[in-house]
Amino acid sequence: MKEKINTFLSEIDAFEAQNKESLEAFRIKFLGSKNITKDLFNDFKNVPNEQKKEVGQLINEIKEKAQEKFDFFQSKLNDTIVEAETKSDLTRTAFPERLGSRHPISLVRKEIIEIFSRIGFTVSEGPEIEDDWHNFSALNFPPEHPARDMQDTFFVDSEQGEIALRTHTSSVQVRVMENAKPPIRTLSPGRVYRNEAISARAHCFFHQIEGLYIDENVSFADLKQTLMYFAKEMFGEKTQIRLRPSYFPFTEPSAEMDVSCSVCEGKGCNVCKYTGFLEIMGCGMVDPNVLENCGIDSKKYSGFAFGMGIERIAMLKFKINDLRLYSEGDVRFLSQFKSVL
Ligand code: DAH
């Protein structure tokens with residue numbers, strides 16, 4: 001019996017697969033459903049007791065070695081086939097390329113634009129390198145006023161202090177109002193920059209969407225209703241909103257909007273820090289000074305504006321917990337968003 005086993009073991013050691021057929025024959029003999037170890041185990045009862053342990057181990061060794069050999073030659077043969085095909089047939093169709101996927105920021109931006117376009121909002125864009133007037137002064141930030149500290153600015157040219165990377169997309173509001181006559185209903189998506197230390201919760205660049213609605217008789221009730229519509233479309237029919245008084249130089253009155261936490265449905269969980277609500281945007285009635293700065297008659301027209309961070313909304317929607325993931329380009333992160341195309 002031992003002799004027989006040793007012959008099989010040397011056969012396995014010496015085996016070299018030349019082609020698929022010889023590998024298949026090897027598989028059937030040593031690993032198939034009727035492989036030779038079955039016969040060996042059938043004869044096992046005739047092995048004297050004191051040798052049983054050793055013989056048992058040798059039979060198992062046959063299986064292990066055969067499996068190793070098989071795996072080795074199988075992958076080797078596959079590689080050779082691929083290599084041969086690549087070299088020999090230059091007309092064959094290409095291997096399927098892995099398709100990319102949309103970035104979560106693009107997905108969320110697209111969804112927000114779709115929701116507002118259903119109620120008549122257009123899209124307008126402005127430059128990322130902006131002057132002081134459009135980023136600050138026209139929006140009612142007086143020179144040297146501490147409100148400018150709310151946004152840590154990157155100046156492009158320190159001698160000409162006025163040119164900077166825009167700190168918010170509110171600058172596009174000004175450009176739109178300077179160039180168009182009411183009624184105005186527009187969304188301005190774009191990238192913004194702030195001089196912040198990079199961490200899981202802050203980044204030196206991120207994305208916002210600004211909304212602006214100017215017409216006769218626009219009221220705070222219109223703002224509330226528009227934002228409620230948006231929240232329900234974005235986060236689900238059961239979503240509730242909450243407006244808290246706040247301060248922005250360019251709106252009066254100003255508010256921050258919270259939505260009920262979609263993870264716990266407002267009951268309280270660690271995502272909403274047990275408050276049941278999450279802050280998603282700033283908003284308010286456009287300050288009459290801002291309307292006048294942009295050449296719009298504030299006695300005739302009123303309007304509301306709002307601004308939200310796209311990263312923040314995507315974090316809530318996809319349960320992403322680190323802002324840095326958005327800009328690292330890691331395919332393991334990015335490829336997860338395929339299914340939501
Ligand atoms: N620009 C503000 C920011 O970046 C967000 C904002 C607040 C925009 C209120 C608005 C608004 O249009 O009305 O923090």
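Points worth noting:
- Relative contact order (%) - criterion: Cα under 8 Å, at least six apart; region: the stretch 104-340: 21 percent
- Positive-end residue of SER22, GLY100, ALA255, charge dipole of the chain with Cβ unit charges: SER22
- Charge dipole of the chain about the Cα centre (unit charges at C-beta), most positive-ward option of LEU58, THR122, ILE310: LEU58
- The heavy atoms of GLU50 present about 150 square angstrom of accessible area, all protein chains included, probe 1.4 Å.
- Of all accessible heavy-atom area on the chain, the percent that carbon and sulfur account for (1.4 Å): 50 percent
- Of the peptides 36-42, 202-208, 127-133, the ranking by mean beta-carbon count within 10 Å, highest at the top, reads 202-208, 127-133, 36-42.
- With protein chains left intact and a 1.4 Å probe, residues in the chain average 57 Å² of accessible area per residue.
- Solution diffusion estimate, µm²/s, Stokes-Einstein, the stretch 104-340, Kirkwood Rh from C-alpha pairs, 10 °C, viscosity 1.306 mPa s: 86 µm²/s
- Net lengthening on full extension, LYS63/LYS76 (0.36 nm per residue, minus Cα-Cα): 2.7 nm
- Dipole size of the chain about its Cα centre, with +1 on Lys/Arg Cβ and -1 on Asp/Glu Cβ: approximately 1660 debye, rounded to the nearest 20.
- Cβ distances below 4.7 Å define possible disulfide partners, and in the chain the cysteines left without one are CYS204, CYS283, CYS294.
- Positive-end extreme of charge dipole, the chain - chosen from ASN270, ASN217, TYR193 (charges on Cβ): ASN270
- Expected 222 nm ellipticity per residue - DSSP helices of 4 or more, -39500 (n - 2.57), all of the chain, to 500: -12500 deg cm²/dmol
- With 18 Å as the limit on Cα-Cα distance, the pairs of LYS29/LYS65; LYS29/LYS52; LYS2/LYS65; LYS4/LYS76; LYS29/LYS53; LYS45/LYS65 that go past it are LYS29/LYS52; LYS4/LYS76; LYS29/LYS53; LYS45/LYS65.
- Heavy atoms of ASP71 accessible to a 1.4 Å probe, total area in Å² rounded to 10: 80 Å²
- Each peptide in 166-174, 12-20 was scored by the mean count of other Cβ atoms within 10 Å over its residues; highest first, the order is 166-174, 12-20.
The values are calculated or read from the model by the stated rules, or taken from the named source; none is laboratory data. Since we're looking at a predicted model, the values are computed, not measured. Ideal geometry is used to build each Cβ from the backbone, glycine not excepted, and the neighbour counts take in all protein chains shown. All accessible areas refer to the heavy atoms of the entire protein, side chains included, with ligands and DNA or RNA removed. Shrake-Rupley method; radii C 1.70, N 1.55, O 1.52, S 1.80 Å.
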